[in-house]
Amino acid sequence: MGRRTSVDMDRRTYVKVVGASGVAGLTGTAGCLGSITGSGGGGSKKLTAGTAPGFPPFEMKQGGELVGFDIDLLEAVVSESEYTLSGWEEFEFKGLMPALGSDKIDVVAAAMTINDKRDKKIDFSNPYYSADQSILVRKGGNFSPSKLGDLSGHPIGAQKGTTGEGIIKDELLSAGKLKQSNYNSYGSYVLAVEDLVNGNIDAIVVDKPVAQTFRSKRDVSIAFTHKTGEQYGFGVRDGASDVQKALNSGLKAVRDNGKYTEIRNKWFSDS
Ligand code: ARG
């Protein structure tokens, strides 16, 4: 499968992220990295995929290459269909839905939670993974929140445009339990974890499987998990029912033929 990544992150960001963490595979994106390849229109059965790396183990950069569960899964799913994948484009998470809308990409594979707000603007495949939100804190620190309200008065962070940010907005900021100045939004969770480890913020709200991955690589621990029952789906343009159907039958095929389990075991060794 021709995997085509676009412009790399600028060097300063690269050095900050990789140099400071010393962990391969957890690099993030600080800016919009997408470039336009077009979406293979004209009735050809080609799809360009979009993702937002820095969300391990779903999507991340490893030695300059885009890898992860979503990458392998979407490639397997599409190869079961009449479509072919022409390449991958990288964006900040919040840029993915606009990129779909402006035809820069045809499919989003970015651990994107299916919810009503998004469903009004785009369509989703059937669910392919479930997750709750976890609250990450510094390992061995003395801050041990056990519920969302305990985050009051502390600087906390999340990635822009995510459901983790949504929880902070809906349950803390709007409820007057957190000052706006205590909320820090990041282009990537890798940068948020960097700030957490360095003591610039005290907690992060992030999808549990990603929190577990960071916990195994960085000096962070999970203080508690906030149950949301989220389900990830592949995003397609509103009304793109042919692509949606192809992805759904592809998903069924990879579940039936064992490929889904194989990919899952490759990226989630301990669960
Ligand atoms: N599941 C969360 C959401 O849909 C977070 C997804 C972030 N994904 C990423 N590739 N950075 O909002």
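Here are a few things to note about the model shown:
- Applied to region 70-76, the Karplus parametrisation 6.51 cos²θ - 1.76 cosθ + 1.60 on θ = phi - 60° returns per-residue 3J(HN,Hα) values of 4, 5, 5, 5, 4, 4, 5 Hz, with x for Gly and Pro.
- Mean Cβ count within 10 Å, highest first, over the residues of peptides 197-203, 100-106: 100-106, 197-203
- The value for region 51-107 of Rg(Cα) / (2.2 N^0.38 Å) is 1.13.
- In this structure, the amide hydrogen of residue 203, modeled 1.01 Å from its nitrogen in the peptide plane, lies closer than 5 angstrom to those of 157, counting only residues at least 5 positions away or on a different chain.
- Annotation: Cα Rg of region 99-258 relative to the compact-globule expectation 2.2 N^0.38 Å equals 1.14.
- Set of aspartates and glutamates with alpha-carbon distance to residue 259 below 14 Å, sequence-local pairs under 8 removed: 70, 72, 75, 80
- Modelled FRET efficiency - R0 25 Å, residue 216 with residue 142, Cβ distances, 0.05 increments: 0.65
- Each of the peptides 250-256, 223-229 was scored by the mean count of other Cβ atoms within 10 Å over its residues; in descending order, highest first, they stand as 250-256, 223-229.
- Sequence-distant residues sharing a close amide H with residue 223 (under 5 Å, placed H): 135, 136, 137
- Each peptide in 53-65, 209-221 was scored by the mean count of other Cβ atoms within 10 Å over its residues; highest first, the order is 53-65, 209-221.
- Backbone phi angles across region 86-93, fed through the Karplus curve with coefficients 6.51, -1.76 and 1.60 (θ = phi - 60°), yield HN-Hα couplings of 8, x, 10, 10, 10, 9, 5, 3 Hz in residue order; Gly and Pro are listed as x.
- Spatially proximal aspartates and glutamates relative to residue 104 (Cα-Cα < 15 Å; intrachain offsets below 8 disregarded): 89, 90, 92, 238
- If you sort 88, 267 by accessible surface, 1.4 Å probe, largest first, the order is 267, 88.
- The Cα trace of region 201-271 gives Rg and Dmax of 16.4, 45 Å, the first to one decimal, the second as a whole number.
- Long-range amide H partners of residue 62 with built H, under 5 Å: 67
- HN-Hα J in Hz across region 238-245 - Karplus 6.51, -1.76, 1.60, θ = phi - 60°, x for Gly and Pro: 3, x, 7, 6, 5, 5, 4, 5
- Given a 1.4 Å probe and the protein chains as shown, residue 165 ends up with an accessible area of around 20 Å².
The values are calculated or read from the model by the stated rules, or taken from the named source; none is laboratory data. Since this is a predicted model, take the numbers as computed values, not measurements. Please note: Cβ atoms are built from the backbone with ideal geometry, for glycine as well, and neighbour counts cover all protein chains shown. Protein only, heavy atoms only, side chains kept; ligands, DNA and RNA dropped before computing areas. Shrake-Rupley method; radii C 1.70, N 1.55, O 1.52, S 1.80 Å.
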